[in-house]
Each structure stands twice: as C-alpha cells, then as structure tokens.
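A short write-up of the structure that comes next.
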Amino acid sequence: MTVISVIVGSTRNGRFADKPARWIFDHLAARTGVQANLLDLREFPLPFFDAPVPPGMPGRAPYEHEVVRRWTDEIRRSDGFIFVTAEYNYGPTAVLKNAIDWVYPEWNRKAAGFVGYGAAAGVRAIQQLRETAVELQLAPVRNAVLLPAAAIYAHMQGQDVASILEESDAAATKMIDDLLWWVAALRRARAA
C-alpha cells in the first residue's frame with residue numbers, strides 16, 4: 001500500500017485550508033492501492049525549530065520533544081506528500097516551513113505535490129516550497145493545483161466552496177497521476 005500524506009499547512013482561525021485539504025484527500029482516497037493520510041499541523045503543535053544540530057546531522061541524538069517525534073514518524077512512514085499551502089507575503093506559512101525544517105532524512109527521495117491558494121493562487125508559495133523540497137531531496141512534481149481566489153472569497157462569506165473546488169478536479173487528477181508515478185519510481189529506487 002502506498003501512503004500519501006496530505007499536509008495541511010495553515011493553523012489560523014477560520015482557515016480555508018480544511019476545504020482543499022479534504023477535497024484533495026478525497027481524490028487520493030479514491031485511488032486503488034493508496035492510503036491517504038491527513039496531517040493537520042494543528043494536531044502537531046511543533047515548537048519553533050531550536051534543535052542544537054540540524055536534522056540532517058549524521059549521528060544526531062533522537063528528538064526529545066514528543067510532538068516532534070510523532071511528526072517525524074508520520075513523515076518517515078509516508079511514501080509521498082501533498083502540501084496544501086496558503087500564500088502569505090509571497091511565501092508559504094511559517095508554521096508549514098517550521099514543520100518542514102524539523103525533519104530531514106525522513107523526507108529524502110520521496111515525491112511531493114502541491115495545492116496552493118491565496119495571492120496569485122499560491123503559486124509563489126509553491127515555488128518557494130519546490131526549492132525547499134529539492135534541498136530536502138524530495139522530488140517535486142511539475143503539475144500543481146492552483147485554486148482560484150473565488151474559493152477563498154466564498155469561504156470568507158460562509159458559502160459552499162465545493163463547486164468551485166470541483167472546477168480544479170482535472171488539475172488534481174493530473175497532479176496526483178504525476179505524484180503516484182514518481183512515488184512508485186522512487187520507492188523502487190530506494191528499495192534497490
């Protein structure tokens with residue numbers, strides 16, 4: 001079974017992130033042979049990164065913080081990831097970047113896809129995450145899902161956003177197809 005984790009990259013009150021995260025999760029869960037996993041950063045209240053050595057340091061001591069250990073275990077057991085990210089000030093959220101920075105070898109040689117929203121449909125946040133992914137030895141897939149601002153505005157007005165999200169179903173299918181191809185290829189390579 002292939003484990004793909006959807007990472008909810010916002011923790012703010014009244015957040016929009018729940019809706020696209022659940023939407024892309026449902027797309028994944030419908031795939032044969034995929035175990036979709038939802039990792040909500042609200043459930044992983046990670047401290048601000050303050051470890052004395054970087055996560056990639058060979059021989060580093062095990063993490064002492066229980067939430068960091070739980071988070072790292074979830075990343076370790078995942079074969080691939082979909083980051084659902086808002087765009088704040090041209091980049092991803094601080095809580096998402098912090099969660100990424102706590103982990104290193106557990107990300108290595110796995111694939112990542114992206115669902116973005118916010119200013120410019122989240123494209124600038126995704127671009128920064130792609131660069132971070134490469135540094136973590138993740139393989140970011142080319143296709144991403146860029147949600148229209150209309151979805152956020154509808155959410156802010158208390159309206160249903162399902163029909164707006166459905167307009168991006170084809171983009172979600174394409175991104176998941178690419179992600180699963182890379183996940184399978186990288187899993188075979190890691191096993192070899």
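Quick notes on this structure:
- The stretch 82-123, residues that are among the basic types (Lys, Arg) and either in a helix (DSSP H, G or I) or within 23 Å of Phe16 (Cβ to Cβ) (or both): Lys97
- Test set (1) modelled with pLDDT under 95; (2) of a type outside the set (A, V, I, L, M, F, W, C); (3) in a helix (DSSP H, G or I) - Thr132 fails condition number: (1)
- In the stretch 1-30, of all residues being part of a loop (DSSP other than H, G, I, E, B) and touching a Leu at 6+ places or on another chain (Cβ under 7 Å), the one that is surrounded by the most Cβ atoms within 10 Å (Cβ to Cβ) corresponds to Gly9.
- Thr132 being in contact (Cβ under 8 Å) with a residue 24 or more places away in the chain, surrounded by fewer than 21 Cβ atoms within 10 Å (Cβ to Cβ) and either among the acidic types (Asp, Glu) or in contact with a helix residue (DSSP H, G or I) (Cβ under 8 Å, 6 or more places away or on another chain) (or both): yes
- Filtered by the rule that a residue be in contact with a strand residue (DSSP E or B) (Cβ under 9 Å, 6 or more places away or on another chain) and surrounded by fewer than 23 Cβ atoms within 10 Å (Cβ to Cβ), the stretch 104-117 gives Trp107, Arg109.
- In the stretch 89-99, the residues that are surrounded by fewer than 22 Cβ atoms within 10 Å (Cβ to Cβ) and among the hydrophobic types (A, V, I, L, M, F, W, C): Ala94, Val95
- Residues (part of a loop (DSSP other than H, G, I, E, B), without any contact (Cβ under 8 Å) to a residue 40 or more places away in the chain and of a type in the set (Phe, Trp, Tyr)) located in the stretch 44-81: Tyr63
- Residue list for the stretch 32-62, restricted to those being within 23 Å of Leu147 (Cβ to Cβ) and surrounded by 16 or more Cβ atoms within 10 Å (Cβ to Cβ): Val34, Ala36, Asn37, Leu38, Leu39, Asp40, Leu41
- Just one of the listed residues (Asp169, Asp178) is surrounded by fewer than 14 Cβ atoms within 10 Å (Cβ to Cβ), in contact (Cβ under 8 Å) with a residue 24 or more places away in the chain and within 19 Å of the chain's Cα centre (by Cα), namely Asp169.
- Any hit, the stretch 32-43, residues being touching a residue at least 40 places away in the same chain (Cβ under 8 Å) and not in a strand (DSSP E or B): yes
- The test for being surrounded by fewer than 17 Cβ atoms within 10 Å (Cβ to Cβ) and touching a strand residue (DSSP E or B) at 6+ places or on another chain (Cβ under 7 Å) does not hold for Arg70.
- Among the residues of the stretch 139-151, those identified as assigned to a helix (DSSP H, G or I) and surrounded by fewer than 21 Cβ atoms within 10 Å (Cβ to Cβ) are Ala149, Ala150.
- Scan of the stretch 135-166 for residues that are of a type in the set (D, E, K, R) and over 21 Å from the mean Cα position of the chain (by Cα), ordered by number: Asp160
The values are calculated or read from the model by the stated rules, or taken from the named source; none is laboratory data. In this text the structure is predicted, and so the values were computed from the model without any measurement. Because the Cβ atoms are built from the backbone with ideal geometry, glycine has one as well, and the counts that use them run over all protein chains shown.
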